[in-house]
1. Using a simple charge model, +1 on the beta-carbon of Lys and Arg, -1 on the beta-carbon of Asp and Glu, nothing else, what dipole does segment 144-202 show about its Cα centre, in debye to the nearest 20?
2. Tell me, Kirkwood radius of the chain from alpha-carbon pair distances, in Å?
3. Suppose every Lys and Arg Cβ carries +1 and every Asp and Glu Cβ carries -1, with no other charges. What dipole size does segment 9-116 come out with about its Cα centre, to the nearest 20 debye?
4. Between Asp17 and Tyr201, what is the FRET efficiency for a Förster distance of 25 Å, r being their Cβ-Cβ separation, to the nearest 0.05?
5. Looking at segment 41-148, which trypsin sites (Lys or Arg not before Pro) are DSSP coil and have at most 16 other C-beta atoms within 10 Å of their C-beta?
6. Using only the Cα atoms of segment 1-97, each taken as one equal point scatterer with no solvent, compute I(q) by the Debye sum, divide by I(0), and report log10 of the ratio at q = 0.25 Å⁻¹.
7. Once R0 is set to 22 Å, what does the formula 1/(1 + (r/R0)^6) return for the Cβ-Cβ distance between Asp164 and Ala123, expressed as a FRET efficiency to the nearest 0.05?
8. Please list the three semi-axes, largest first and in whole Å, of the ellipsoid equivalent to segment 25-72, using sqrt of 5 times the eigenvalues of its alpha carbon gyration tensor.
Amino acid sequence: METATIDRAFLARPGLDVAPDLLGSVLRHTTPEGTVAVRLTEVEAYQGADDPGSHAFRGRTPRNAVMFGPAGHLYVYFTYGMHFCANVVCDVDGTATAVLLRAGEVIEGAALAASRRLSARTAREYARGPARLTSALGLGRPDNGVDLCAPGSPTQLLPGPPVDGGRVRTGPRVGVSGDGGDGVAFPWRFWLDGEPTVSPYRPHVPKRRK
């Protein structure tokens, strides 16, 4: 029997509420190659027009349109000319709130994930970081906008076993430039303490002009 997806109403809340509650849930993606599922261990919240670190801080564009709703869709974007990253859209329509999926543990389809992540030295590195996570799952530009709550969708967000709230940690977001990278004002990265799949923290380092 197929597991029911996370309810859309659960995601139609502020991203800062949704983000820690997504820890332990499962993102499952099926392609002609097979299925890979990742249990989420690290996420980051982005709050649209109120967040200088968000893609939507300066308004709606063709690139970030999916972020503006409705909740429960996947926002996939291309970065650094080489990687895709995936976000779960949250809150009510028009708020451009999303949660970046930073890292997780592959719990289904490990062999397929390994074939997509040939540089990984151990299984914990298959989805340890946002670009690695999308690579292990086989997500890309065609998956931008997919409905994670729809029955039969090839990409689904599923509930996982309950998480001990005492293990949830929070801190600065990784590699965010400018005011949005202020860990005191925006401690909007959430992770499960003791999980080996959580990515290492790296602050944003401005590029030096030659």
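The values are calculated or read from the model by the stated rules, or taken from the named source; none is laboratory data. Everything numeric here is computed off the predicted structure, so don't read it as measured data. Every residue, glycine as well, gets a Cβ built from its backbone with ideal geometry; the counts of neighbours run over all protein chains shown. Each accessible area value is taken on the protein alone, full model and side chains, heavy atoms only, with ligands, DNA and RNA left out. Shrake-Rupley method; radii C 1.70, N 1.55, O 1.52, S 1.80 Å.
1. Working: 5 positive and 6 negative charges, 24 e Å.
Result for segment 144-202 is approximately 120 debye, rounded to the nearest 20.
2. 17.0
3. Numbers: 8 positive and 11 negative charges, 62 e Å.
For segment 9-116, the charge dipole is close to 300 debye.
4. Working: r = 23 Å, r/R0 = 0.91.
Plugging the Cβ-Cβ distance into 1/(1 + (r/R0)^6) gives 0.65.
5. Working: sites: Arg58, Arg60, Arg63, Arg102, Arg116, Arg117, Arg121, Arg124, Arg128, Arg132; in loops: Arg58, Arg60, Arg63, Arg117, Arg121.
Counting only loop positions with at most 16 other Cβ atoms within 10 Å, the trypsin sites (Lys or Arg not before Pro) in segment 41-148 are Arg58, Arg60, Arg63, Arg121.
6. Cα-only, vacuum Debye calculation for segment 1-97: -1.44.
7. Numbers: r = 23 Å, r/R0 = 1.04.
About 0.45, to the nearest 0.05.
8. That gives 27, 15, 8 Å for the three semi-axes.
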